[in-house]
Amino acid sequence: MTIRYDGRVAIVTGAGQGLGRSHAIELAKRGAKVVVNDLGGAKDGTGASSEAALAVVAEIEAAGGEAMANGANVANYAEVEAMVAAAMEKWGRVDILVNNAGILRDKSFIKGSMEDFQLVLNVHLMGSVYCTRACWEIMKEQEYGRIVVTTSSSGLYGNFGQTNYGSAKMGVIGMMNTLVQEGAKYNIRMNALAPTAGTRMTEGLMPEKVFELLTPETVTPAVLYLVSEDSPNRTILCAGAGSYAVAKIVETDGCWLTPEEQTPEGIAAHWDAITDPEGERALQAGFEQTGKMLTKAAAGLGIS
Ligand code: NAD
(Lines give C-alpha, C1' and ligand atoms only; values in the text may rest on other atoms or scores of the structure.)
Protein backbone atom coordinates (compact mmCIF):
# COMPACT_ATOMS: atom_id res chain seq x y z
CA MET A 1 0.00 0.00 0.00
CA THR A 2 1.32 3.41 -0.94
CA ILE A 3 -0.17 6.41 0.79
CA ARG A 4 -0.52 9.34 -1.61
CA TYR A 5 -2.10 12.80 -1.63
CA ASP A 6 -2.83 13.36 -5.33
CA GLY A 7 -5.46 16.06 -5.77
CA ARG A 8 -5.06 17.18 -2.16
CA VAL A 9 -4.04 20.67 -1.12
CA ALA A 10 -2.00 20.96 2.06
CA ILE A 11 -0.98 23.93 4.19
CA VAL A 12 2.08 23.39 6.37
CA THR A 13 2.87 26.27 8.72
CA GLY A 14 6.44 27.01 9.72
CA ALA A 15 7.63 24.96 6.75
CA GLY A 16 10.73 26.99 5.94
CA GLN A 17 12.98 24.70 7.92
CA GLY A 18 13.12 21.91 10.49
CA LEU A 19 10.11 19.63 10.86
CA GLY A 20 7.74 21.71 8.72
CA ARG A 21 10.14 21.71 5.80
CA SER A 22 10.43 17.95 5.95
CA HIS A 23 6.62 17.51 6.17
CA ALA A 24 6.06 19.84 3.19
CA ILE A 25 8.66 18.15 0.99
CA GLU A 26 7.33 14.67 1.68
CA LEU A 27 3.69 15.69 1.14
CA ALA A 28 4.63 17.23 -2.20
CA LYS A 29 6.67 14.17 -3.16
CA ARG A 30 3.53 12.10 -2.66
CA GLY A 31 1.33 14.28 -4.85
CA ALA A 32 -0.02 17.07 -2.62
CA LYS A 33 0.03 20.71 -3.69
CA VAL A 34 1.61 22.46 -0.74
CA VAL A 35 1.41 25.94 0.76
CA VAL A 36 4.82 26.40 2.36
CA ASN A 37 4.07 28.94 5.07
CA ASP A 38 6.85 30.55 7.08
CA LEU A 39 7.32 33.90 8.74
CA GLY A 40 11.06 33.37 8.57
CA GLY A 41 11.97 34.95 11.89
CA ALA A 42 14.48 33.93 14.56
CA LYS A 43 13.92 31.10 17.05
CA ASP A 44 12.43 33.59 19.54
CA GLY A 45 9.97 34.89 16.94
CA THR A 46 11.70 38.17 16.14
CA GLY A 47 12.20 39.28 12.55
CA ALA A 48 10.79 38.00 9.27
CA SER A 49 12.08 36.81 5.90
CA SER A 50 10.62 35.02 2.89
CA GLU A 51 13.92 33.33 2.05
CA ALA A 52 13.41 29.97 3.79
CA ALA A 53 9.89 29.39 2.43
CA LEU A 54 10.98 30.31 -1.10
CA ALA A 55 13.92 27.89 -0.87
CA VAL A 56 11.61 25.02 0.14
CA VAL A 57 9.23 25.85 -2.72
CA ALA A 58 12.18 25.82 -5.13
CA GLU A 59 13.26 22.43 -3.76
CA ILE A 60 9.76 20.99 -4.21
CA GLU A 61 9.44 22.39 -7.73
CA ALA A 62 12.88 21.08 -8.70
CA ALA A 63 11.68 17.61 -7.71
CA GLY A 64 8.60 18.02 -9.95
CA GLY A 65 6.13 18.98 -7.22
CA GLU A 66 3.75 21.91 -6.83
CA ALA A 67 4.06 24.46 -4.05
CA MET A 68 3.54 28.10 -3.18
CA ALA A 69 5.35 30.16 -0.58
CA ASN A 70 3.44 32.17 1.99
CA GLY A 71 4.79 34.54 4.61
CA ALA A 72 1.74 34.85 6.88
CA ASN A 73 2.33 35.22 10.58
CA VAL A 74 0.13 32.48 12.03
CA ALA A 75 -0.51 34.67 15.07
CA ASN A 76 -2.27 37.23 12.85
CA TYR A 77 -5.77 36.12 11.84
CA ALA A 78 -6.09 38.51 8.89
CA GLU A 79 -2.82 37.20 7.41
CA VAL A 80 -3.93 33.61 7.98
CA GLU A 81 -7.25 34.25 6.24
CA ALA A 82 -5.37 35.79 3.30
CA MET A 83 -3.12 32.71 3.13
CA VAL A 84 -6.09 30.35 2.97
CA ALA A 85 -7.78 32.61 0.37
CA ALA A 86 -4.61 32.47 -1.76
CA ALA A 87 -4.60 28.66 -1.61
CA MET A 88 -8.29 28.60 -2.57
CA GLU A 89 -7.71 30.97 -5.46
CA LYS A 90 -4.82 28.94 -6.82
CA TRP A 91 -5.99 25.39 -6.16
CA GLY A 92 -9.68 25.61 -5.14
CA ARG A 93 -9.55 23.52 -1.97
CA VAL A 94 -7.73 22.87 1.28
CA ASP A 95 -7.66 19.27 2.46
CA ILE A 96 -4.77 19.13 4.88
CA LEU A 97 -3.56 21.54 7.54
CA VAL A 98 -0.40 20.88 9.50
CA ASN A 99 -0.12 23.38 12.36
CA ASN A 100 3.61 23.28 12.91
CA ALA A 101 4.94 26.86 13.25
CA GLY A 102 6.53 27.61 16.57
CA ILE A 103 8.91 29.72 18.62
CA LEU A 104 10.61 29.50 21.99
CA ARG A 105 10.93 31.98 24.84
CA ASP A 106 12.31 29.66 27.51
CA LYS A 107 12.74 31.00 31.06
CA SER A 108 11.84 29.69 34.50
CA PHE A 109 8.28 30.77 35.32
CA ILE A 110 9.17 33.65 37.61
CA LYS A 111 11.95 35.02 35.40
CA GLY A 112 9.95 35.01 32.17
CA SER A 113 7.91 38.08 31.27
CA MET A 114 4.17 37.97 30.77
CA GLU A 115 4.74 39.42 27.27
CA ASP A 116 6.85 36.38 26.36
CA PHE A 117 4.21 34.06 27.80
CA GLN A 118 1.52 35.75 25.71
CA LEU A 119 3.63 35.67 22.56
CA VAL A 120 4.30 31.94 22.86
CA LEU A 121 0.57 31.32 23.40
CA ASN A 122 -0.20 33.54 20.40
CA VAL A 123 2.04 31.62 18.01
CA HIS A 124 1.48 28.02 19.13
CA LEU A 125 -2.08 28.05 20.44
CA MET A 126 -3.77 31.00 18.71
CA GLY A 127 -1.77 30.28 15.53
CA SER A 128 -3.27 26.78 15.46
CA VAL A 129 -6.71 28.19 16.29
CA TYR A 130 -6.52 30.81 13.51
CA CYS A 131 -5.29 28.40 10.84
CA THR A 132 -7.83 25.76 11.80
CA ARG A 133 -10.67 28.29 11.91
CA ALA A 134 -9.73 29.73 8.52
CA CYS A 135 -9.86 26.24 6.94
CA TRP A 136 -12.85 24.88 8.85
CA GLU A 137 -15.74 26.10 6.67
CA ILE A 138 -13.90 24.98 3.54
CA MET A 139 -13.30 21.51 4.98
CA LYS A 140 -16.90 21.31 6.16
CA GLU A 141 -18.19 22.11 2.68
CA GLN A 142 -15.78 19.66 1.08
CA GLU A 143 -16.76 17.08 3.70
CA TYR A 144 -13.08 16.34 3.96
CA GLY A 145 -10.35 17.64 6.22
CA ARG A 146 -7.27 16.31 7.93
CA ILE A 147 -5.71 18.54 10.57
CA VAL A 148 -2.64 18.06 12.72
CA VAL A 149 -1.65 20.13 15.71
CA THR A 150 1.90 19.93 16.97
CA THR A 151 2.12 19.33 20.69
CA SER A 152 5.21 18.47 22.72
CA SER A 153 6.43 16.29 25.55
CA SER A 154 6.94 19.64 27.32
CA GLY A 155 3.18 20.14 27.30
CA LEU A 156 2.22 16.53 27.92
CA TYR A 157 4.72 15.92 30.70
CA GLY A 158 6.42 19.25 31.52
CA ASN A 159 9.91 20.63 31.02
CA PHE A 160 11.84 23.02 33.26
CA GLY A 161 11.77 26.57 31.89
CA GLN A 162 8.92 25.98 29.44
CA THR A 163 5.75 27.01 31.28
CA ASN A 164 4.65 29.24 28.40
CA TYR A 165 5.43 26.65 25.73
CA GLY A 166 4.00 23.74 27.75
CA SER A 167 0.76 25.64 28.36
CA ALA A 168 0.36 26.36 24.66
CA LYS A 169 1.21 22.78 23.71
CA MET A 170 -1.44 21.37 26.06
CA GLY A 171 -3.87 23.99 24.79
CA VAL A 172 -3.79 22.55 21.29
CA ILE A 173 -4.76 19.14 22.73
CA GLY A 174 -7.82 20.73 24.33
CA MET A 175 -8.70 22.30 21.00
CA MET A 176 -8.35 18.94 19.24
CA ASN A 177 -10.45 17.06 21.81
CA THR A 178 -13.45 19.28 21.11
CA LEU A 179 -12.96 19.81 17.38
CA VAL A 180 -12.90 16.06 16.67
CA GLN A 181 -16.44 16.06 18.00
CA GLU A 182 -17.55 19.08 15.97
CA GLY A 183 -15.83 17.82 12.81
CA ALA A 184 -16.96 14.19 12.95
CA LYS A 185 -20.05 14.50 10.74
CA TYR A 186 -18.09 16.44 8.08
CA ASN A 187 -15.29 13.89 7.79
CA ILE A 188 -12.85 16.30 9.40
CA ARG A 189 -10.31 14.43 11.49
CA MET A 190 -7.80 15.93 13.81
CA ASN A 191 -4.73 14.45 15.43
CA ALA A 192 -1.71 15.66 17.37
CA LEU A 193 1.97 15.07 16.79
CA ALA A 194 4.44 15.06 19.68
CA PRO A 195 7.80 15.17 17.88
CA THR A 196 11.40 15.04 18.99
CA ALA A 197 13.85 16.26 16.39
CA GLY A 198 17.19 17.86 15.92
CA THR A 199 16.29 21.30 14.56
CA ARG A 200 17.10 24.94 15.22
CA MET A 201 14.78 24.66 18.21
CA THR A 202 16.78 21.92 19.90
CA GLU A 203 20.25 22.82 18.63
CA GLY A 204 22.83 22.96 21.42
CA LEU A 205 20.52 21.16 23.87
CA MET A 206 21.84 17.69 23.07
CA PRO A 207 25.12 16.05 22.03
CA GLU A 208 25.87 16.12 18.29
CA LYS A 209 25.47 12.33 17.94
CA VAL A 210 22.00 12.43 19.48
CA PHE A 211 21.06 15.43 17.32
CA GLU A 212 22.05 13.48 14.21
CA LEU A 213 19.82 10.52 15.17
CA LEU A 214 16.81 12.75 15.67
CA THR A 215 16.31 13.82 12.07
CA PRO A 216 13.04 15.52 11.06
CA GLU A 217 12.73 12.83 8.36
CA THR A 218 12.13 10.21 11.08
CA VAL A 219 9.18 12.28 12.37
CA THR A 220 7.52 13.17 9.07
CA PRO A 221 6.05 9.67 8.38
CA ALA A 222 3.96 10.15 11.54
CA VAL A 223 2.47 13.40 10.21
CA LEU A 224 1.87 11.90 6.80
CA TYR A 225 -0.05 9.03 8.35
CA LEU A 226 -2.09 11.43 10.50
CA VAL A 227 -3.21 13.44 7.45
CA SER A 228 -3.85 10.47 5.17
CA GLU A 229 -7.31 9.48 3.97
CA ASP A 230 -7.50 6.54 6.38
CA SER A 231 -5.98 8.48 9.26
CA PRO A 232 -6.87 7.79 12.85
CA ASN A 233 -8.74 10.50 14.75
CA ARG A 234 -7.91 12.22 18.04
CA THR A 235 -4.57 10.46 18.41
CA ILE A 236 -1.51 11.95 20.06
CA LEU A 237 1.28 10.33 18.07
CA CYS A 238 4.80 10.66 19.46
CA ALA A 239 7.68 10.34 17.02
CA GLY A 240 11.44 10.67 17.05
CA ALA A 241 14.57 8.85 15.87
CA GLY A 242 12.42 6.15 14.26
CA SER A 243 10.29 5.38 17.32
CA TYR A 244 6.53 5.89 17.30
CA ALA A 245 4.19 5.71 20.29
CA VAL A 246 0.79 6.99 21.36
CA ALA A 247 0.23 9.24 24.39
CA LYS A 248 -3.10 9.12 26.23
CA ILE A 249 -4.79 11.08 28.97
CA VAL A 250 -6.32 8.43 31.18
CA GLU A 251 -8.60 8.62 34.16
CA THR A 252 -8.62 6.06 36.95
CA ASP A 253 -11.87 4.27 37.63
CA GLY A 254 -11.82 5.89 41.09
CA CYS A 255 -14.27 5.15 43.86
CA TRP A 256 -17.43 6.58 45.31
CA LEU A 257 -17.31 7.76 48.93
CA THR A 258 -20.28 7.81 51.29
CA PRO A 259 -21.62 11.26 52.26
CA GLU A 260 -19.77 10.95 55.60
CA GLU A 261 -16.50 10.14 53.79
CA GLN A 262 -16.81 13.07 51.36
CA THR A 263 -14.28 15.09 53.33
CA PRO A 264 -10.57 15.87 52.77
CA GLU A 265 -9.86 13.18 55.40
CA GLY A 266 -12.05 10.69 53.52
CA ILE A 267 -10.14 11.40 50.32
CA ALA A 268 -6.82 10.91 52.13
CA ALA A 269 -8.05 7.62 53.57
CA HIS A 270 -9.14 6.34 50.12
CA TRP A 271 -6.19 7.75 48.14
CA ASP A 272 -4.98 4.26 47.13
CA ALA A 273 -8.38 3.37 45.66
CA ILE A 274 -8.78 6.78 43.97
CA THR A 275 -5.41 6.47 42.25
CA ASP A 276 -5.52 2.71 41.58
CA PRO A 277 -4.56 2.28 37.88
CA GLU A 278 -6.67 -0.89 37.56
CA GLY A 279 -9.45 -0.05 35.09
CA GLU A 280 -8.11 3.37 34.12
CA ARG A 281 -9.03 4.48 30.62
CA ALA A 282 -8.98 7.33 28.12
CA LEU A 283 -12.41 8.96 28.01
CA GLN A 284 -13.76 10.11 24.66
CA ALA A 285 -15.78 13.13 25.83
CA GLY A 286 -16.33 15.22 28.94
CA PHE A 287 -19.82 13.81 29.50
CA GLU A 288 -18.33 10.31 29.92
CA GLN A 289 -16.73 11.49 33.15
CA THR A 290 -20.04 12.86 34.42
CA GLY A 291 -21.75 9.62 33.40
CA LYS A 292 -19.19 7.51 35.26
CA MET A 293 -19.57 9.59 38.42
CA LEU A 294 -23.36 9.49 38.33
CA THR A 295 -23.35 5.71 37.81
CA LYS A 296 -21.13 5.25 40.87
CA ALA A 297 -23.20 7.68 42.94
CA ALA A 298 -26.43 5.94 41.93
CA ALA A 299 -24.97 2.55 42.87
CA GLY A 300 -23.62 3.90 46.18
CA LEU A 301 -26.90 5.59 47.10
CA GLY A 302 -29.04 2.73 45.83
CA ILE A 303 -30.83 4.87 43.22
CA SER A 304 -31.91 3.13 40.01
P1 NAD B 1 12.13 25.33 13.81
O2 NAD B 1 12.48 26.54 14.59
O3 NAD B 1 13.17 24.64 13.04
O4 NAD B 1 10.92 25.64 12.82
C5 NAD B 1 9.82 26.42 13.20
C6 NAD B 1 9.42 27.25 12.02
O7 NAD B 1 8.24 28.00 12.35
C8 NAD B 1 10.49 28.28 11.62
O9 NAD B 1 10.84 28.12 10.27
C10 NAD B 1 9.84 29.61 11.90
O11 NAD B 1 10.23 30.64 11.00
C12 NAD B 1 8.37 29.28 11.77
N13 NAD B 1 7.54 30.24 12.52
C14 NAD B 1 7.74 30.69 13.76
N15 NAD B 1 6.79 31.58 14.11
C16 NAD B 1 5.96 31.68 13.05
C17 NAD B 1 4.79 32.42 12.81
N18 NAD B 1 4.29 33.25 13.74
N19 NAD B 1 4.16 32.28 11.62
C20 NAD B 1 4.67 31.45 10.66
N21 NAD B 1 5.80 30.74 10.83
C22 NAD B 1 6.44 30.84 12.02
O23 NAD B 1 11.47 24.32 14.87
P24 NAD B 1 11.02 22.79 14.74
O25 NAD B 1 11.78 22.04 15.74
O26 NAD B 1 10.98 22.33 13.34
O27 NAD B 1 9.54 22.90 15.32
C28 NAD B 1 8.38 22.66 14.58
C29 NAD B 1 7.24 22.40 15.55
O30 NAD B 1 7.48 21.23 16.32
C31 NAD B 1 7.01 23.53 16.56
O32 NAD B 1 5.64 23.69 16.80
C33 NAD B 1 7.67 22.99 17.80
O34 NAD B 1 7.17 23.57 18.98
C35 NAD B 1 7.33 21.52 17.69
N36 NAD B 1 8.19 20.65 18.47
C37 NAD B 1 9.48 20.46 18.12
C38 NAD B 1 10.26 19.60 18.88
C39 NAD B 1 11.68 19.31 18.52
O40 NAD B 1 12.28 18.44 19.18
N41 NAD B 1 12.26 19.96 17.52
C42 NAD B 1 9.72 18.95 20.00
C43 NAD B 1 8.40 19.16 20.32
C44 NAD B 1 7.63 20.01 19.53
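Table for the structure above
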{"quantity": "Residue-normalised accessible area of segment 161-216, given per residue in Å² at a 1.4 Å probe", "calculated": "46"}
{"quantity": "Surface accessible to a 1.4 Å probe, LEU119 within the full protein complex, Å²", "calculated": "60"}
{"quantity": "Proximal lysines to LYS185, defined as alpha-carbon separation beneath 22 angstrom and excluding residues fewer than eight positions away on the same chain", "calculated": "LYS140"}
{"quantity": "Amide H within-cut-off set for CYS238, under 5 Å, with H built and near neighbours excluded", "calculated": "ALA194, ALA245, VAL246, ALA247"}
{"quantity": "Using θ = phi - 60° and Karplus 6.51 cos²θ - 1.76 cosθ + 1.60, couplings along segment 230-246 (whole Hz; Gly, Pro as x)", "calculated": "9, 5, x, 9, 6, 9, 9, 9, 9, 8, x, 6, x, 9, 9, 8, 10"}
{"quantity": "Whole-angstrom gap from segment 202-247 to segment 154-198, using each part's C-alpha centre", "calculated": "14"}
{"quantity": "Computed accessible area, THR258, all protein chains, 1.4 angstrom probe, square angstrom", "calculated": "50"}
{"quantity": "Extension gain, LYS185 back to THR258 (0.36 nm per residue minus Cα-Cα distance, nm)", "calculated": "22.2 nm"}
{"quantity": "Segment 37-77-segment 261-304 distance, computed between alpha-carbon centres (Å)", "calculated": "49"}
{"quantity": "Efficiency of FRET between LYS140 and THR2 - r from beta-carbon atoms, R0 35 angstrom, step 0.05", "calculated": "0.75"}
{"quantity": "Descending Cα extents along the principal axes, segment 82-123, whole Å", "calculated": "47, 16, 9"}
{"quantity": "Integer Hz, Karplus 6.51/-1.76/1.60 couplings in order for segment 69-81, x for Gly and Pro", "calculated": "8, 8, x, 4, 7, 5, 7, 10, 4, 5, 5, 5, 4"}
{"quantity": "Nonlocal amide H pairs with VAL35, under 5 Å, H built at 1.01 Å", "calculated": "ALA10, ILE11, VAL12, MET68"}
{"quantity": "Rel. contact order, % - alpha carbon contacts under 8 angstrom, at least six apart, the chain", "calculated": "14"}
{"quantity": "Using θ = phi - 60° and Karplus 6.51 cos²θ - 1.76 cosθ + 1.60, couplings along segment 33-40 (whole Hz; Gly, Pro as x)", "calculated": "8, 10, 8, 8, 8, 6, 6, x"}
{"quantity": "Computed label-point distance, nm, for sites GLU89 and GLN289 using a 7 Å Cα→Cβ extension", "calculated": "4.5"}
{"quantity": "Using a Förster distance of 30 Å, the FRET efficiency for SER243-SER50 (Cβ separation, nearest 0.05)", "calculated": "0.30"}
{"quantity": "Probe 1.4 Å - accessible area at CYS255, Å² to nearest ten", "calculated": "50"}
{"quantity": "Candidate lysines for bridging to LYS248, where Cα separation is under 19 Å - those fewer than 8 sequence places away on the same chain excluded", "calculated": "LYS169, LYS292"}
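The values are calculated or read from the model by the stated rules, or taken from the named source; none is laboratory data. Everything numeric in this text was worked out from a predicted model, so none of it was measured. FYI the Cβ positions are ideal-geometry reconstructions off the backbone, even for glycines, and counts take in every protein chain you see. Note: areas computed on protein heavy atoms with side chains; ligands, DNA, RNA excluded. Shrake-Rupley method; radii C 1.70, N 1.55, O 1.52, S 1.80 Å.
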